[in-house]
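Read the figures in this text as sums done on the coordinates, not as results from a lab. These numbers were taken from a predicted model, which means no experiment stands behind them. All Cβ positions, glycine included, derive from the backbone under ideal geometry; neighbour counts span all protein chains shown.
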Amino acid sequence: MALFSSLQRLLRKPSSSSQILQRMKLLAAGDPSRSFTTCEGSRPAIVHKRSLDILHDPWFNKGTAFSMTERDRLDLRGLLPPNHMTPQQQIERFMVDLKRFQVNARDGPSDTNALAKWRILNRLHDRNETMYYKVLVENIEEYAPIVYTPTVGLVCQNYSGLFRRPRGMYFSAADRGEMMSMVYNWPADQVDMIVVTDGSRILGLGDLGVQGIGIAIGKLDLYVAAAGINPQRVLPVMIDVGTNNEKLLRDPLYLGLQEHRLDGEDYISVIDEFMEAVFTRWPHVIVQFEDFQSKWAFKLLQRYRNNYRMFNDDVQGTAGVAIAGLLGAVRAQGRPMIDFPKQKIVVAGAGSAGIGVLNAARKTMARLLGNTESAFESARSQFWVVDAMGLVTESRANIDPEALPFARKLKELERQGLHEGSNLAEVVKKVKPDVLLGLSAVGGLFSKEVLESFKESSSTRPAIFAMSNPTKNAECTPEEAFSIVGDHIVFASGSPFPDVNLGNGIGHCNQGNNMYLFPGIGLGTLLSGARVISDGMLQAAAERLAGYMKDDEVLNGIIYPSISSIRDITKEVAAAVVREAVAEDLAEGYREMDPRELQKLTPEETVAYVKKNMWDPAYPTVVYRKE
C-alpha cells in the first residue's frame, strides 16, 4: 500500500513523461513482483539478475519468448535457440508433450498416467510460472483434476518420491522458538494468501504427514488460476508436527519428522507460534486452513477466526458449496429458495466437513425463517445425521460436542419408527428425505440397499450429494444413483464424473467442488481488506454461487456451473464478499482503494473493481537494473 501511495504522490506532481517513467522504475526496483503501466502502455518488470540466473528464475523466465532486444539487454544471446517464439507457439509445443497422457475424469487409464501428466505440468511450473498458469487458465476444466483433486491425492501419497524442487515453507515441531525468524527466509516481501495444512487428514486418505504439502500447493494453483492472485504473493505451508501413520514412520525415504504427532497444548503452541510469525511479517495476509483432522479443525477455527484473517476450507468452504447445491436442488424442484427450510436432509458423515455443512445449512434455514430461537429449533429438526456408529442420538456415550446440536432425542426416534443406532438404509427408508448428503469419506457407502430406500423419498425430485473426495471415496457413482433411484434425481459429487447417458436424456453429474467458492472468498477478503472473514461473508458467497445458474439450467438438473467459467464465477463471488464486508463495516480497503470508496460502488462497479485486480498470466517486458 505504501508503494502505491508513493506512486500516486509522484504522479500528482508536474513532471515530464521521462521523469514519471524513471520514478516508476525506481519504485518498482524496491518490489520486483510489481510492474507498472508506463507512458508507452507496457508493463515492465524490473529485475536484478541476468544471463542464466534469469533463465533459472521461474518468476521471470520466458524461455524462447524473450525478444531479441531482451536477450541483448539481459545477456541471453547464445543461451537460447535463435528462433523467437510467441507465447501461443510455446503453449502449442508444450501441449504436444502433455496430450500424450489422456486422463479419464473418473480414474484415468492408470494412476501412472495421471502422475505423468502432473509431473509434466510440475516441471513447467518449476521453470516458467507465467506459461504454467496460462496453460492452466486456458484449460482449467481439463487440468484442475490434475493439479488438484483427484490426482493431488496420488501426489500426496507419493510426495516423498516426487519431491524435486522446494516449493513453499515447512515449519516443524523441531522449529519451536525459531518461526519468527524463519518467516523472513521467504523471499517475497508481500504475501497475500497462505494455504496451510498439518497433513493429518488429507482428502479421504488420512494422515500423510509432511507429504500433505501437495494439497497446499494445489489449492494455491487454483487461487492463481481462478482468482487471479499474483503467484509471487502466495505461499504453501506445511506444519509438520509428526505423523501417526506407521508406514511413514518406518519408511526410510519419508521426508518428514519420524515421530508421533504432538497433541494437546504442545500441538496448539506450534500452531500459535506459526500464526503469530506469519501475521507479524505479513499483517494483511489471509490464511486458509486445509485438511486438518476434525479434532483440531473446529478448535483452531474458533481460536483464530475473530483475531486473524483466516478460514477453514473443509469446514466453511465445503459448507458453502454444499449450501449452494442444496439451494439449487430446491430450485430444481421448481420451488423458490425460500422453501429450503422445508427440506428433510439425511447427512452421512459427522467429521469436520459434515458438521461444517450442518451448521451452515441450519443457519441458512434459520435466517430464511426469521433467525428466531424457534427458527433454529425448527431448522435443527430437518437434519438426520448418521455416522459409522449409526444414527447420532443424545443418549450416545462420548458424543462429539460439535455433533450434539444435531443429535436426535429418543422420543423423536419413536415417532419416526427408528431406534438408537439405526443404520443409514433404515434412516433413509423411514425419514423419506428430500436430500441424501454424503460427507463420510467412505467409498460406496450409498449401497444398493440405501439407494433403493431413497426411492421412497417424499420429494418429486430428490437429490443425492456424494461429496467425498478423492474419486474412490465417493459414496456412490452417478451411474448407480440414476440406475437405481431413477432418471428424475439431481446428482452432485465432490470429484468429477462424466454425465450419464440415460437413453432418453442426460443425467447431469454436478461437481460440487470447493474451488467454486474458496478462491472468491479469499479474493473478496483481500480486495475488501476485511479484518476477519465473517459468517455473513461466507453466506454471501454461497448465495451468489447458488444464484449463478439460470432457471432453465437448474430445472434441467444442472445446479453447479462449468469449471470452464471459474474465473467469471470467482469474480462474482468475490464481489459479493466485498459488498458484504462493506455492509458489515469490516472492510478496511485495499491498496489505493479506501473503504469509503468501496461503499460508493454499485454492484456492477464492484464486479469491475474485482476484475481489474485479478492477475492475468502475461509476459511483462523484463528490464535489468543493477542493485
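Quick notes on this one:
- When the pairs Lys247/Lys295; Lys363/Lys612; Lys432/Lys571 are compared against a 29 Å limit on Cα-Cα distance, Lys363/Lys612; Lys432/Lys571 fall above it.
- Candidate aspartates and glutamates - alpha carbon under 16 Å from Lys411, same-chain residues fewer than 8 apart omitted: Glu377, Glu394, Glu420
- Taken as Cα centroids, segment 311-330 and segment 359-374 sit 15 Å apart, rounded to the nearest whole angstrom.
- Net charge in the neighbourhood of Ser378 (other residues with Cβ under 13 Å of its Cβ; Lys, Arg +1, Asp, Glu -1) is +4.
- Listed candidates (i) 7; (ii) 13; (iii) 28 - label of the one calculated as percent of Cα pairs over 49 Å apart: (ii)
- Axis of helix 87-98 versus longest Cα principal axis of the chain: the two differ by about 50°, to the nearest ten degrees.
- Radius 11 Å from Cβ of Val582, net charge of other residues (Lys, Arg +1; Asp, Glu -1): -2
- Which of Asn398, Thr606, Ser483, positive extreme of dipole for the chain (C-beta unit charges): Thr606
- Local electrostatic count at Ser564 - Lys and Arg +1, Asp and Glu -1, tallied over other residues with Cβ under 11 Å: -3
- Straight-line reach from Lys117: taking Cα to Cα under 17 Å and skipping same-chain neighbours fewer than 8 places apart, the aspartates and glutamates in range are Glu92, Asp97, Asp107, Asp126, Glu129, Glu138, Glu141, Glu142, Asp221.
- The chain - mean residue ellipticity at 222 nm from DSSP helices (-39,500 (n - 2.57) per run, n ≥ 4, rounded to 500): -13000 deg cm²/dmol
- In terms of the mean number of neighbouring beta-carbon atoms within 10 Å, the peptides 603-614, 346-357 order highest first as 346-357, 603-614.
- The separation of segment 72-98 from segment 172-191, counted between C-alpha centres, amounts to 36 Å.
- Legend: residue pairs Lys409/Lys429; Lys344/Lys550; Lys99/Lys134; Lys219/Lys600; Lys134/Lys626, Cα-Cα distance threshold 21 Å; pairs beyond threshold, Lys344/Lys550; Lys219/Lys600; Lys134/Lys626.
- Counting DSSP beta bridges with both ends in the chain, the antiparallel % (nearest 5): 15 percent
- All aspartates and glutamates inside 14 Å of Lys448 as judged from Cα atoms, apart from same-chain residues fewer than 8 positions distant: Glu426, Glu456, Glu475, Glu479, Glu480
- Taking the centroid of alpha carbons for each part, segment 241-281 and segment 434-470 are 36 Å apart.
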